[in-house]
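Notes for the one structure printed next.
No lab work stands behind these numbers, since they all come straight from the coordinates. Fair warning: this is a prediction, and the values are worked out from it, not measured in the lab. As a convention, Cβ positions derive from the backbone with ideal geometry for all residues, glycine included, and neighbour counts pool all protein chains shown.
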Amino acid sequence: MRIILLGAPGAGKGTQAEKLVAKLGVPQISTGEILRKAQQEQTELGKQAGQYMKEGALVPDEIVVGIVQERLKQRDCQRGYILDGFPRSASQAEALDVTLQEMQDQLTAVISLKVPEDELVRRLLSRRREDDNKDVIQERLAIYTQQTKPLIDYYRSHRLLDEVDGQGSVDEIFDRIMSTLQRRQTASQAQVG
Ligand code: AMP
């Protein structure tokens, strides 16, 4: 299964990705986590990305797209993966399409987690990450609206989108995601049959 988790900062992508990893046995690819690790290790990549992350801006495609392309080629991704935090813009979605075509792979589903903005802010303020202070949160939400939200329509037009209510308990949300994935699988089997 090749799944994209789409959603605003604080929508629960990371939490749900971890549960999907445990259930489906495929790796989670979180560009945010990869970049934070690089920052902690003070690698060249980390230094380049650091300033953008601190301001809540998107790290340039030249950096992020390369990271994902390399990661998707690794052996543990052969059976699938959960993309968490990538793609985040139209240009990243297009780059991913090209990469998937080259690898002769197809996405299984794009799950969009829907959470109202006041709830997002409440969750982000309780996280205490360096880029989760009030000003940076506003910037990240604005960037989400401008750059990432349009991907909902992009994937809907590719018939890959499933919208899931991202409010409630972690387990409730996970159950909704699993039912959505099961419906999709049943539908695709019916098509083949
Ligand atoms: P996240 O953990 O997904 O909220 O990402 C934290 C920060 O890492 C973001 O605010 C961006 O600065 C950067 N980042 C993560 N993923 C991407 C991406 N796909 N494109 C650009 N920047 C990203």
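Give the peptides 166-174, 2-10 in descending order of average Cβ contacts within 10 Å, highest first.
Working: 166-174: 14.4, 2-10: 25.2.
Taking the mean over residues of other Cβ atoms within 10 Å, the ranking is 2-10, 166-174.
When a/c is below 1.5 the answer is rounded, else prolate if a/b is larger than b/c, else oblate, so apply that to segment 128-190 with a ≥ b ≥ c taken from the square roots of the Cα gyration tensor eigenvalues.
Values: a/c = 4.20, a/b = 1.64, b/c = 2.56.
Oblate, because a/c is 1.5 or more while a/b does not exceed b/c.
A simple spin-label model places the labels of Glu41 and Thr145 3.7 nm from each other, with each point 7 Å out along Cα-to-Cβ.
Kindly provide the helix-only [θ] at 222 nm of the chain, computed as the sum of -39,500 (n - 2.57) over DSSP H runs of four or more divided by all residues, to the nearest 500 deg cm²/dmol? Write down the numbers at each step before the final one.
Working: 9 runs with 110 residues, N = 193.
Using -39500 (n - 2.57) per qualifying helix, the result is -18000 deg cm²/dmol.
Each Lys and Arg Cβ is given +1 and each Asp and Glu Cβ -1; about its Cα centre, segment 24-160 then shows a dipole of about 440 debye.
For segment 1-108, the convex hull spanned by the alpha carbon atoms encloses 106 Å³ per residue.
For Gly12, what charge total do you get from the other residues with a beta carbon under 12 Å from its beta carbon, if Lys and Arg give +1 and Asp and Glu give -1? All intermediate terms of the calculation are to be shown ahead of the outcome.
Details: positive: Lys13, Lys19, Lys114, Arg123, Arg127, Arg176; negative: Glu18, Asp84, Glu119, Asp165, Asp171, Glu172.
Neighbourhood net charge equals 0.
Bridgeable lysines around Lys54 (alpha carbons under 23 Å apart, same-chain partners fewer than 8 residues away excluded): Lys13, Lys37, Lys134, Lys149. Remark on Gly85: its backbone amide H falls under 5 Å from those of Leu5, a criterion applied only to residues 5 or more positions apart or on other chains, H modelled at 1.01 Å from N. How many percent of Cα pairs in segment 68-151 exceed 19 Å? Here the long-distance tail beyond 19 Å is 49 percent of all Cα pairs in segment 68-151.
Can you check how the C-alpha radius of gyration of the chain compares to 2.2 N^0.38 Å, as a plain ratio?
Compactness ratio reported: 1.00.
If packing is taken as the average count of other Cβ atoms within 10 Å, what order do 78-86, 25-33 fall into, highest mean first?
Sorting 78-86, 25-33 by mean packing, highest first, produces 78-86, 25-33.
Here segment 67-83 and segment 88-127 have alpha carbon centers that stand 15 Å from each other.
One Cα centroid belongs to segment 137-159, the other to segment 1-59; the line between them spans 16 Å. Principal axis extents of the C-alpha atoms in segment 46-97 (largest first, rounded to whole Å): 35, 23, 17.
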